[in-house]
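The structure appears below as structure tokens.
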Amino acid sequence: MASLIGYYSLIFGLCISFFIIFFSVKNFKDSLIFDTKIVNFTFLQFILVIVSFLGLIISFVNSDFSNETVFNHSHSTKPIFYKISGTWGNHEGSLLLWLLVLTLFILLFLLKSKEQNKRYKILTLLIQQIIIIGFFIFLIKTSNPFNYIFPVPEEGLGLNPILQDPALAIHPPILYLGYVGSSIIFSSALAATSLNYISTAWAKHIKQWVLISWIFLTLGILLGSIWAYYELGWGGFWFWDPVENVSLMPWLALTALLHCILVLERKLVLTSWVVILSIATFTLSMCGTFLVRSGILNSVHTFANDPERGLFILIFLFCLIFLSLFIFIFFHKVEKKSIRNFFWLSKETSILINNWFMMYFLTVVLIGTVYPIFLEVISSEKISVGPPFYHKLIVPLLIPFLFAMTIGPKLNWIKSDLKNKKYLILFLMISFLLSVLIIKNLDIKFLINTILVASALYLFFITLRDFFVKGLKNLSQNIAHFGFSLLILSILFNNIFSTEIITNLKIGETFKSKNFIINFEKVEQKDEKNFKAITGKFNIKDVDGVDEVLNPELRIYNQPNIVTSEADIKTNLLSDKFITMNLVQNQDYFNIRYQIKPFMIWIWLSVLLISFGGLISLFKKRYEG
Amino acid sequence: MKVKFFPIFLIIIFVIVFLIFYKGLQNSNIYTPNTLIKKNIPSFEAKTLRTNKKIDSKNLFKENEFYLINIWASWCIPCRDEHDFLIKLSNQKNVKIIGINYKDKNENAKNFLKELKSPYEVVLVDKDGTIAIEWGAYGVPESFLLYNKKIIKKIIGPLNKKSLFEIEKLIK
């Protein structure tokens with residue numbers, strides 16, 4: 001029943017789109033006043049999609065296996081929390097969520113931009129409606145979440161156990177808010193371009209949307225990374241997996257866009273950058289959806305391998321790309337040459353440098369992700385691009401990037417000099433000294449690591465100083481940059497100081513190393529609702545005599561029948577202790593992997609700090625405006 | 001001229017990207033998050049449905065060939081749904097479909113095949129359901145794709161367009 005209602009409200013939702021387009025086009029031509037009917041219809045469409053989404057949730061909660069999506073992805077013994085999160089843990093449901101966020105954002109956009117130009121608002125709505133219609137048709141035609149199966153199966157097939165995780169339950173909605181938020185930026189940038197509406201006022205108005213999607217995208221990536229850290233059991237937090245990359249690419253474009261908007265807010269420059277980055281952010285999000293969902297890439301996110309779906313998104317994606325190219329080429333007016341020239345030492349220049357760095361990182365990630373596909377098509381040779389590629393190309397460039405990030409914000413708008421900036425050199429020397437002291441006694445490459453740590457420390461100290469000297473001025477930027485320095489520092493220290501051992505142990509055996517002793521005491525069996533757990537008890541003693549018990553787990557899920565390995569992680573401020581165990585086939589040995597990962601929690605905290613910086617900027621805007 | 005050249009260049013680039021992605025879709029990868037994969041197949045003995053001859057599984061499967069083990073029963077309604085897909089698959093030369101008739105009456109099973117045509121190379125009888133347990137099946141219908149005497153894919157529940165497509169890819 002709920003499925004039926006859900007299905008029909010989807011169909012009605014699609015019909016509403018045509019009403020909206022009809023009234024919008026009429027209103028665009030005829031009158032001067034914005035027709036409120038359009039807002040009402042948009043609201044109605046949003047409600048219909050909500051009803052549809054609730055219909056799917058209810059089907060999941062009631063374990064209504066006559067619904068194909070529920071049958072494929074749920075099971076009656078699953079805890080209620082995962083029944084609900086299972087709604088968007090699959091291809092069909094997650095697309096419905098996309099659609100929900102799309103309609104929500106355009107509604108909010110209409111409500112929030114009352115004082116904007118009528119024609120601009122309508123054109124934005126129209127472009128957004130093209131995207132919405134595309135998704136409606138995609139959903140109804142190729143991935144209907146409400147397919148009926150008869151006869152009704154007794155039991156569902158269950159949700160992939162590695163997706164049964166709280167971080168992952170909220171990861172998709174948060175990430176989607178970021179992705180889809182960028183659709184608003186896309187539509188409004190295109191609308192503004194075609195009406196020649198791009199101005200400093202427009203930048204102020206669109207900035208909040210950029211900030212919102214940027215914050216959600218950052219948090220979404222963070223959640224995915226946290227999940228990978230403790231669920232996939234490799235002890236890392238970023239694997240340069242194609243799926244992670246496709247979320248990183250829009251983030252890089254969006255970050256560059258955010259900085260451009262900050263310039264455009266003050267002065268009518270960098271408009272081409274803004275338009276291109278707005279287009280790029282959304283098309284990269286869509287491209288990510290295509291790469292992930294079509295099965296062209298191999299990953300945990302590949303829900304479906306139906307080529308029909310891949311083809312649909314591909315065509316849709318390229319229609320949008322060509323539409324935006326068309327608008328950009330024919331309508332975009334380049335600003336006058338005279339104001340385009342920046343003084344070499346100014347904030348504008350440094351933001352431009354930041355852009356080029358972002359573009360470089362973006363290109364590296366893009367090539368690493370897409371190149372294997374190209375190669376396979378052209379020469380049918382299979383390669384996989386791994387972390388060494390990214391590390392070699394990105395890490396060295398981080399050094400100048402960090403320096404630019406330290407010095408850039410110190411410069412003034414328009415024109416600047418280096419008077420009263422002696423402290424910059426002082427801090428640089430301190431950073432280098434400190435870095436040398438840290439790296440000196442370690443058995444790693446001295447030069448590159450020293451410079452890397454020094455440049456990160458430099459940014460760290462300078463931003464830290466600003467908290468005291470400047471106080472609340474530029475607080476958001478300072479917090480975000482401070483967070484970034486902290487992030488780089490924690491990643492570096494995490495890499496440099498990590499230790500790892502992999503060994504096979506029997507129950508009762510002990511492993512001794514220089515710094516710690518691992519004692520495998522016993523295993524226990526436990527029956528949970530949807531899995532059987534084998535828990536190991538490990539006693540780990542440090543040289544300092546600190547005793548800790550860790551309990552990694554093997555879970556044997558019943559629906560579907562899959563074994564997963566749950567790491568046990570003891571976190572404290574300075575380091576994480578991370579242990580996983582795995583069965584060795586046909587033996588009574590267990591494979592044990594034990595890692596000490598310093599500053600792990602600081603990686604998460606610093607990303608939180610970065611997005612907190614964005615949040616402050618968003619609210620600052622509110623009470624100033 | 002320079003102004004006109006750039007858009008054309010851009011469009012050509014994007015068209016090429018489109019074509020490559022389009023081609024890439026055709027040989028898409030298949031991800032199977034299953035622990036069963038690459039496991040050796042269990043050995044068993046069973047009688048055939050038609051001739052009532054005893055067959056040892058060791059002699060049944062040859063190296064370098066694809067087999068689809070399909071566990072079915074005449075009383076199982078979803079089995080009727082997947083039957084069309086099995087027939088479609090049986091027209092492919094490079095895969096042999098072997099049926100395991102699960103907890104069924106011989107009479108009913110034969111009627112089922114008479115009525116709907118048989119896609120199977122051979123049907124083995126699993127009266128008490130022990131063979132299905134050996135295979136680690138959860139219920140009927142269920143299918144296993146074998147290659148070199150190893151399970152390379154397991155399909156729980158009835159075959160559908162999607163799983164048929166995946167199988168066709170794998171046996172290509």
Difference of contour (0.36 nm per residue) and Cα-Cα distance, A:LEU397 to A:ILE47: 121.2 nm
Gyration tensor (alpha-carbon) shape descriptor, the protein assembly as shown, a/c threshold 1.5: oblate
Total accessible surface hidden between A and B, rounded to 100 Å², 1.4 Å probe: 3200 Å²
Residue-normalised accessible area of the protein assembly as shown, given per residue in Å² at a 1.4 Å probe: 45 Å²
Cα-based Rg and Dmax for segment A:65-160, where Dmax is the largest Cα-Cα distance (Å): 17.7, 56
Within the accessible area of chain A (1.4 Å probe), percent carbon and sulfur: 67 percent
Point-charge dipole on Cβ atoms (K/R +1, D/E -1) for the protein assembly as shown, about Cα centre, debye to 20: 2500 debye
Exposed-loop-free span, longest in chain A, where GluC sites (Glu not before Pro) count as exposed if DSSP calls them loop and at most 13 other C-beta atoms lie within 10 Å: A:155-380
Residue-averaged beta-carbon neighbours from other chains (10 angstrom radius) around A:319-330: 2
For segment A:134-245: rounded, prolate or oblate by the Cα gyration tensor [a/c cutoff 1.5]: oblate
Modelled FRET efficiency - R0 41 Å, A:ILE329 with B:LYS150, Cβ distances, 0.05 increments: 0.15
Interface residues in segment B:9-24 - accessible area drops by 50 Å² or more relative to the isolated chain, probe 1.4 Å: B:PHE14, B:PHE18, B:ILE20, B:PHE21
Potential extension, A:LEU111-A:LEU345 segment - 0.36 nm per residue separation minus Cα distance: 80.2 nm
Mean ellipticity per residue at 222 nm, deg cm²/dmol - from DSSP H runs of n ≥ 4 across chain A, formula -39500 (n - 2.57): -22000 deg cm²/dmol
Global form of segment A:482-561, assessed from the alpha-carbon gyration tensor, a/c cut-off 1.5: oblate
Karplus-derived HN-Hα couplings along segment A:472-489 (A = 6.51, B = -1.76, C = 1.60, θ = phi - 60°), whole Hz, x at Gly and Pro: 7, 5, 6, 4, 4, 5, 5, 4, 5, 5, 4, x, 5, 5, 4, 4, 5, 4
Carbon/sulfur fraction of accessible area - segment B:39-171, other protein chains in place, 1.4 Å, %: 47 percent
By accessible area with a 1.4 Å probe, ligands and nucleic acids excluded, highest first: order of A:ARG119, A:ARG293: A:ARG119, A:ARG293
Cβ-based charge dipole, the protein assembly as shown, positive-most Cα from A:ILE11, A:SER498, A:TYR594: A:ILE11
Aspartates and glutamates with Cα under 13 Å of A:LYS577, excluding same-chain neighbours fewer than 8 positions away: A:GLU500, A:ASP542, A:ASP547, A:GLU548, A:ASP568
Convex hull volume per residue in cubic angstrom - Cα atoms of segment B:39-171: 96 Å³
Rounded to 5, percent antiparallel among DSSP beta bridges of the protein assembly as shown: 85 percent
Net length gained if the chain between A:PHE497 and A:LYS267 were fully extended (0.36 nm per residue, minus Cα distance): 78.2 nm
Amide N proximity, segment A:536-556 versus A:ALA167 label position 7 Å along Cα-to-Cβ, cut-off under 16 Å: A:553
Cα point-scatterer Debye curve for segment A:385-536, base-10 log of I(q)/I(0) at q = 0.09, 0.18, 0.19 Å⁻¹: -0.49, -1.08, -1.16
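The values are calculated or read from the model by the stated rules, or taken from the named source; none is laboratory data. If you're wondering where the values come from, they're calculated on a predicted model, not measured in any experiment. For neighbour counting, all protein chains shown are included, and Cβ atoms are generated from backbone atoms with ideal geometry for every residue, glycine included. These accessible areas exclude ligands, DNA and RNA; they are computed on the full protein's heavy atoms, side chains included. Shrake-Rupley method; radii C 1.70, N 1.55, O 1.52, S 1.80 Å.
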